[in-house]
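Visitor: Below is one structure. I have some questions about it.
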Amino acid sequence: MPAPPDGPGGPAAGPATGDAAPSHTPHRWLTLAVISLAQLMVVLDATIVNIALPSAQRALGFDNDGRQWVVTAYTLAFGSLLLLGGRLSDYFGRRRTFVTGLVGFGVASVLGGAASSFAWLIGARAVQGAFGSVLAPSALSLLTTTFTEPRERSRAFGVFGAIAGSGAAIGLLLGGVLTEHLSWRWTLYVNVVIAAVAAILGMLLLPPHRPSERPRLDMSGAALVAGGLFCLVYGFSAADTEAWSDWRCWGSLTVSGLLIAAFAVHEVRAAHPLLPPRVLRDRNRAASFLSVFIAGAGMFGVFLFLTYYLQRTLGYTPVTTGLAFLPLVGSLMLTAQLSTNLLIPRLGPKPVVPTGMGLAVAGLIWLTALGLDSEYASHVLPPLIVLGVGLGLVMPSAISLATLGVAGRDQGVASATVNTMQQVGGSVGTALFNTMAASAVTDYLRNRPRTPGVAARAQVHSFATAYWWATGFFAVGLVATLVLYQRGRPRDLAVGRTTGPPESGG
């Protein structure tokens, strides 16, 4: 039978999730803290090492191209294995994969922090990404199945979505503090503390989960999608360090398209698909996946280039740069609670998420006006707050709606799809915006003298070019979410919207 109607978050209680009496999970607010801690570790790890890269480069003696691969090794493993990691949580149980992911992530962080060579560091980052691909979907699945009472689910997703949206900025702040006052190695060692605390509390607080029916693992589909996502992220990364015309770029992107197309055909025909088509058929869920992808692309691109601007143009230290992002984090977190607890339950997603996209467009256009002599309080702070409000309307709402009405047997893979959209979006956005910014510098300097002043203006011009490209992403998101999201409040949208029959057992 379909799940009963519910409020802002999704289907109510047991039928939707398959867990025994999940709405009465003891210590569920402590559970939210554990899940949020794990999610924060995964998200901030994509940016926390960025500020530490120059120090790591001096310590290990690798070239400038190596900097990119310290980040890319993590994103390649993480992004390409997420769907398989999500299905593993459905297969082995959410608590087991959650704790396994935490322990593996912590061990890989120890190895990375102790690295004595570039190859050692790259290997540790790849292992981090692999365990992160198991941890991230398990965390979101646990959130979905722990909070099933509508109002509590709204509050929980507001917190989780705010962390998912602001984790990259928090990573920049924490990375600056650790690098400036301790060592670049502590940008990795800090994960050990977080993982250890979360793993211990997870074992104590999280209820055991045993699927009543273990889905067969679609290894053919896993190989196709992992290869496709790997080539996609690698292709955009190659464009960032080489050029779009380089064979590593266009060759990888071509292979990626072929593999992902083959995966789509395979999933329609497979008896036990890795990503069941039923998960993608709902219009609101599809709109939410797209929203997370666009927000991921825009966020990572903005954080990257605004960091460059604050440090290179305004001369901020790493710590001051991180502090400069706090108003964005604060406005995002406040708006996340407003959107999930008040706006979505009363208005539904159709007016809320597109409004967030529109505010992100406005904030990014505002950022394009930054110049060499701009002041933080009058020129940087206002668009940051507008951008934070926009992201606060988009991210928590989209993450909650992406798992709305998903049957328990599909929670892991649906959660993995959310994480895949954010991670691949971030990789695509960062590489694309970097490439366009580099081209903008070349074009600006072509017929101008190479003086320090002109070079500085060329750099600011390149940042504005990146903001315009990010504006285009959010503009597409505005139109797409207006078209795709259905009218009505979540209570109306949830009726009969499960992806399959309820899962039995606990």
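Visitor: Compute the signed sum of charges (Lys and Arg +1, Asp and Glu -1) over the other residues within less than 12 Å, Cβ to Cβ, of Ala124.
Guide: Summing Lys and Arg as +1 and Asp and Glu as -1 gives +1.
Visitor: Hey, another quick one. Assuming a ≥ b ≥ c are the square roots of the Cα gyration tensor eigenvalues, decide whether segment 75-135 counts as rounded (a/c under 1.5), prolate (otherwise, with a/b larger than b/c) or oblate.
Guide: Judged from the Cα gyration tensor, segment 75-135 comes out oblate (a/c at least 1.5, b/c at or above a/b).
Visitor: Sticking with this structure for a sec: Which order do Thr145, Thr313 take when ranked by solvent-accessible area (1.4 Å probe, heavy atoms of all protein chains), largest first?
Guide: Thr313, Thr145
Visitor: Rank Trp69, Trp469 by accessible area, highest first, at a 1.4 Å probe radius?
Guide: Putting Trp69, Trp469 in descending order of accessible area: Trp469, Trp69.
Visitor: Shifting gears a bit: Restricting to Cα pairs below 8 Å that are 6+ residues apart, what does the relative contact order work out to for segment 401-484? Please round to a whole percent.
Guide: After rounding, I find 25 percent.
Visitor: Carbon and sulfur: what percent of segment 369-449's accessible surface (1.4 Å probe)?
Guide: 59 percent
Visitor: Just to check I understand the Karplus step: with θ = phi - 60° and J = 6.51 cos²θ - 1.76 cosθ + 1.60, what whole-Hz values come out for segment 119-127, glycine and proline as x?
Guide: Rounded to whole hertz, the list is 4, 4, 5, 4, x, 5, 5, 5, 5.
The values are calculated or read from the model by the stated rules, or taken from the named source; none is laboratory data. Values in this document were obtained by computation on a predicted structure and should not be read as measured data. Every residue, glycine among them, receives a Cβ derived from its backbone with ideal geometry; neighbour counts consider all protein chains shown. Please note that ligands, DNA and RNA were not included when accessible areas were found on the heavy atoms of the full protein model with its side chains. Shrake-Rupley method; radii C 1.70, N 1.55, O 1.52, S 1.80 Å.
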